[in-house]
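As structure tokens, the structure follows; a few thoughts come after it.
No value in this document is a laboratory result; all are computed from the given coordinates. None of the values given here were measured: they were computed from a predicted structure. Here the Cβ positions follow ideal geometry from the backbone for every residue, glycine too, while neighbour counts run over all protein chains shown.
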Amino acid sequence: MAIRLSQYYGLPEQQWSCRVAAEFAGKVPEVIAPLVASDGEAAFLWQGQPITVWPFVMGAPLDRQNPVERRQAARLLARLHISARAFPSLGEGVPPEPDDSEAQRLFPDRELDQWLRSWPGHNGDEPVGWMHRDFFPGNVLCRDGRIVGVVDWDEVEWGPLINELAWSVWEFGKSPAGDALDLDHAREFLSEYQRAGGPVRPSDALIPLIRARLRSGIAFWRRVNAADPVEDQAAVAAFAALRQVRLDVERRSTSAPLLSTPLT
């Protein structure tokens with residue numbers, strides 16, 4: 001068994017995330033459901049902190065440089081998104097309203113802020129559903145060349161699924177140093193997601209959504225004094241570099257979405 005202690009979330013949030021994970025587990029075999037106590041809850045307090053217990057899964061974190069595993073992750077994300085609409089037992093959720101004022105203060109970007117305020121995805125123009133939200137190689141376990149588990153459901157969230165697609169494109173497509181996006185890997189991830197029937201249509205919204213999440217993440221880890229200096233520096237460099245990356249929607253086909261950088 002695996003015992004998890006939550007550092008950043010309270011008991012109600014952990015109980016809810018466990019319920020969402022259990023619903024996903026009923027539809028997607030790779031999702032690991034938490035163990036439930038006699039009171040029907042999977043999270044409880046121990047010395048004031050939420051504890052959850054999960055079946056142990058033998059596996060290693062996905063290797064983002066392995067093309068077979070990377071493509072499997074894209075197809076798995078598509079299946080999660082297909083299943084992500086309102087579960088009968090949970091209904092629809094309420095998108096959070098994060099306070100990004102600290103991130104905006106640390107990394108002012110008027111163009112990005114204006115885009116975020118006017119983005120149509122806030123108004124129901126994108127498919128919405130439940131998201132793992134921390135879908136990255138460290139939370140996707142592989143054994144014998146295939147994915148056997150999706151773990152760490154602490155950050156479950158309801159909202160536009162394109163937010164998760166954007167972050168997954170980054171996490172599975174970024175360079176080994178974490179300071180740039182490998183366009184070939186990102187293109188491949190999007191293609192596999194679409195081939196697997198993923199409900200989100202890739203668009204030029206992906207890059208600004210990645211940049212917004214990068215900026216928020218940098219601010220968060222600095223605020224809790226847990227920022228790794230090397231990762232922090234790489235994320236800062238990526239936030240700046242991605243400003244020059246665009247999705248070429250006009251030339252995108254349904255089987256091969258294209259990413260490009262501007263000539264100037």
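What the table below lists for this structure:
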quantity: Per-selection Rg to Rh, segment 59-260 - Cα, Kirkwood hydrodynamic radius; calculated: 0.94
quantity: Residue 203 long-range amide H proximity, modeled H, under 5 Å; calculated: none
quantity: Under 5 Å, built H, 5+ apart or other chain: amide partners of residue 161; calculated: 128, 129
quantity: Average projection area in nm² (convex hull over Cα atoms of segment 89-208, one quarter of hull surface); calculated: 9.3
quantity: About the Cα centre, charge dipole magnitude for segment 59-260 (Lys/Arg +1, Asp/Glu -1 at Cβ), debye; calculated: 520
quantity: Value of [θ]222 nm, deg cm²/dmol, for the chain, DSSP H segments ≥ 4, -39500 (n - 2.57) each, nearest 500; calculated: -12000 deg cm²/dmol
quantity: Rounded tilt (10° steps) of 229-241 against the dominant C-alpha axis of the chain; calculated: 40
quantity: Under-5 Å amide H pairs with residue 142, H placed in peptide plane, nonlocal only; calculated: 60, 62, 148
quantity: Separation between Cα centres of segment 1-44 and segment 157-208, rounded to whole Å; calculated: 26
quantity: The chain: angle of helix 183-195 to the longest principal axis, Cα-based, in degrees nearest 10; calculated: 60
quantity: Along the chain, longest interval not containing exposed chymotrypsin sites (Phe, Trp or Tyr not before Pro), exposed being DSSP loop plus at most 13 other Cβ atoms within 10 Å; calculated: 57-264
